[in-house]
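The values are calculated or read from the model by the stated rules, or taken from the named source; none is laboratory data. Values in this document were obtained by computation on a predicted structure and should not be read as measured data. Here the Cβ positions follow ideal geometry from the backbone for every residue, glycine too, while neighbour counts run over all protein chains shown. For the accessible areas, the whole protein counts, side chains as well, though only heavy atoms, and no ligand, DNA or RNA atoms are used. Shrake-Rupley method; radii C 1.70, N 1.55, O 1.52, S 1.80 Å.
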Amino acid sequence: ELLFRSNKLVEYWEDVKTISNNTMTEVQGQVKLGCHASVGLFTLKYFLPGFIKKYPLIDFDIDHELSSKINQRIIDLELDLGIVVNPEAHPDLVITKLFTDEVCLWQKEKNSQPKTLICDKNLKQSQDLLKQLAKKKISFDKIVTCSSLENITNLVEAGMGVGIIPTRVVKESKKKILKVVEGAVFKDEFAVVYRVEQKKVRAITELVKYIKKVFS
């Protein structure tokens, strides 16, 4: 019985080694990728279809969360790679900058409620902009909190108020009817983030190169 089970363990170990060696040399397997839902809106469609077409043996498992959580889940080995906004440096992480964006105040040309602010107050960008506005003694009578940047954009497009929205999210809208409200700006930096040891995994290195090329 011991011999039989030991032989099974040896066979299993050989299978693991084969899979691991293939992972190091071939672009195949499953990639667990994380990004904020709004970030995915203006990034995924630009690189994912082309990458999958080029490397059909790759599968993707995509999670949407706040960038800070994505960053931590990569550190905790729960995700392979993330497209992260303003990533925090960590000794276990490789951070490759992609592009920058501006988070601004936006409103419709004919805004029926200019003293209403719509934003996600949990975001660092919103908190920073609110501090900037307070220093300039710019205030609002009502603040509507919403966790979806797309819904904030829709509400502002409906003339409900002023919204704190990333420029790239506004540009994804087909209506093109919003204008920037001067007063405060927050600079965002977008990056591909992955663990140091993933440099040895060909699927990750090829994916990072492909993403960099698309957004360069």
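Brief remarks on what is shown
- Rough spin-label spacing in nm, given labels placed 7 Å along Cα→Cβ, for Glu102 and Glu1: 7.4
- Rg over Rh for the chain works out to 1.12, both radii taken from alpha-carbon positions and Rh defined as the Kirkwood radius.
- Residue-level accessible surface for Asp76, protein heavy atoms, 1.4 Å, Å²: 80
- Loop-located trypsin sites (Lys or Arg not before Pro) in region 157-190 (DSSP state other than H, G, I, E, B) with a sparse environment of at most 16 neighbouring Cβ atoms within 10 Å: Lys174, Lys175, Lys176.
- Surface composition of the chain: carbon and sulfur atoms hold 53% of the protein heavy-atom accessible area at a 1.4 Å probe.
- Rolling a 1.4 Å probe over the heavy atoms of the protein chains gives region 72-216 an accessible area of 54 Å² per residue.
- Note on region 38-99: percent of Cα-Cα distances in each 5 Å bin, starting at 0 and stopping at the bin with the largest distance, equals 3, 15, 25, 24, 19, 10, 2.
- For peptides 161-167, 34-40, 129-135, sequence by mean Cβ density within 10 Å, most packed first: 161-167, 34-40, 129-135
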